[in-house]
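In what follows, a single structure is set out as structure tokens and then discussed.
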Amino acid sequence: MAVLNKFAKPTVLVTGATGAIGHAVCRDLVVNGYLVMGLVRNLEARSRLPYAVIPTLGDVRDPASWEHAIEQADIVIHLALQGLPSAGPKEREHAEREAQTIAAVLDRMALFCRRHKKLMIHTFGALLYEPDPDGWVRETSEITSGRGFGIRHRIAYPIFQRHRKRGLRAMSVNPAFVYGRGGWFESGVLEPMSRGKSMVIGEGLQTMHYVEAADAASGYRLAIERGVPGEDYLLADDHPTTLGEFTALVAREMGAPPPVSVLEEDLIPVLGAWTVEAYTTCPRVDSTKARRDLNWAPRCRTIEEGVPMVVRAYKRAMALPQREEHSIPVV
């Protein structure tokens with residue numbers, strides 16, 4: 001097989017490369033001299049990849065269809081999520097089925113990485129852990145009981161651990177709620193606010209913790225450069241906040257009306273009790289281990305530093321014409 005990468009740094013294959021975290025991870029790796037392949041489902045999606053990322057066609061649910069790309073890479077960063085279609089409110093039963101799908105994909109991908117002796121970096125999230133009595137999560141905390149998005153991690157993490165015990169060289173990088181261009185933040189917060197719609201669930205007093213996308217991305221790169229296989233790393237900015245404080249800040253930066261409070265009991269019939277729980281649940285996140293062992297430090301230490309920067313980037317992008325596709329070979 002031809003050598004894809006003639007440079008000194010490893011070749012990295014990123015799944016979920018067009019998502020909020022994946023896009024930022026790809027860009028960070030390219031800027032820092034890595035050859036990056038981004039998994040995309042179709043040719044249309046490749047136009048959303050950052051510049052210089054090599055598109056790799058394949059369905060994340062079927063790693064066998066792009067096993068050749070795993071062979072060519074040195075490292076696989078798995079960021080993609082496999083949602084299930086949902087018509088109407090999403091309840092816990094649906095979330096559990098979705099978690100089983102996510103776990104099945106992880107199982108197959110870990111198997112291929114083991115087979116080809118590749119380093120794997122997987123994303124769970126801060127809800128991998130159950131908060132300690134002080135309300136914080138650390139890498140020494142108990143594994144989640146399954147509240148909110150934690151249901152995904154409770155089902156998938158034992159599979160990840162099983163492959164590690166069988167020889168998989170792997171780490172997990174687990175950020176708090178990530179805000180940046182794309183993903184939930186753009187579609188669920190920025191776009192509605194651009195139309196003058198601003199809301200917060202309940203009184204907005206729920207404790208939340210965030211990290212800006214580019215800061216999260218640097219954590220993945222530093223895991224490659226400094227991390228130890230078998231370890232897990234949490235990422236979050238310096239200060240927890242509340243859902244209300246975060247939403248109000250975004251609204252001010254967007255020039256949108258102050259957020260309107262919507263009672264949880266009014267949203268549950270529309271979104272489902274599990275969905276409401278998932279988007280209002282995030283512990284305080286202690287990222288001491290990543291700061292110490294990876295030398296990671298967020299550029300945006302607080303939401304007050306990060307949100308204005310992201311909103312400015314969003315407004316600039318909305319004012320520009322759609323970029324043209326680059327002529328890039330598909331792996």
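Values in this text are rule-based calculations from the coordinates and carry no lab data. Here the structure is a predicted model, which means the values were calculated and not measured. Positions of Cβ are generated from backbone atoms using ideal geometry, with glycine treated the same way; all protein chains shown enter the neighbour counts.
Laid out as a table, the results:
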| read-out | value |
| --- | --- |
| Rg followed by Dmax, in Å, when segment 198-284 is reduced to its Cα trace | 16.2, 47 |
| Mean Cβ count within 10 Å, highest first, over the residues of peptides 289-298, 147-156 | 147-156, 289-298 |
| Relative packing of peptides 254-266, 234-246 - highest average C-beta neighbours within 10 Å first | 234-246, 254-266 |
| The chain - share of DSSP beta bridges that are antiparallel (%, nearest 5) | 10 |
| In nm, spacing of pseudo-spin labels at A8 and A313 (7 Å Cα→C-beta vector) | 2.8 |
| GluC sites (Glu not before Pro) restricted to DSSP loop in segment 195-241 with at most 11 other C-beta within 10 Å | none |
| Global form of segment 125-191, assessed from the alpha-carbon gyration tensor, a/c cut-off 1.5 | oblate |
| H116 paired with Q161, simple spin-label distance in nm, labels 7 Å along Cα-to-beta-carbon | 2.8 |
| Cα-based Rg of the chain normalised by 2.2 N^0.38 Å, two decimals | 0.97 |
| Helix-only mean residue ellipticity at 222 nm for the chain, each DSSP H run of n ≥ 4 adding -39500 (n - 2.57), per residue, nearest 500 | -11500 deg cm²/dmol |
| Inter-site label distance for T242 and E91 at 7 Å from Cα along Cβ, in nm | 3.1 |
| For segment 11-315, size of Cβ-based charge dipole, Lys and Arg +1, Asp and Glu -1, in debye | 1120 |
| Fraction of beta bridges assigned by DSSP in segment 92-237 that are antiparallel (%, nearest 5) | 10 |
| Candidates L267, L106, L79: whichever shows maximal mean-square fluctuation once the chain is modelled as a Gaussian network with Cα springs under 10 Å | L267 |
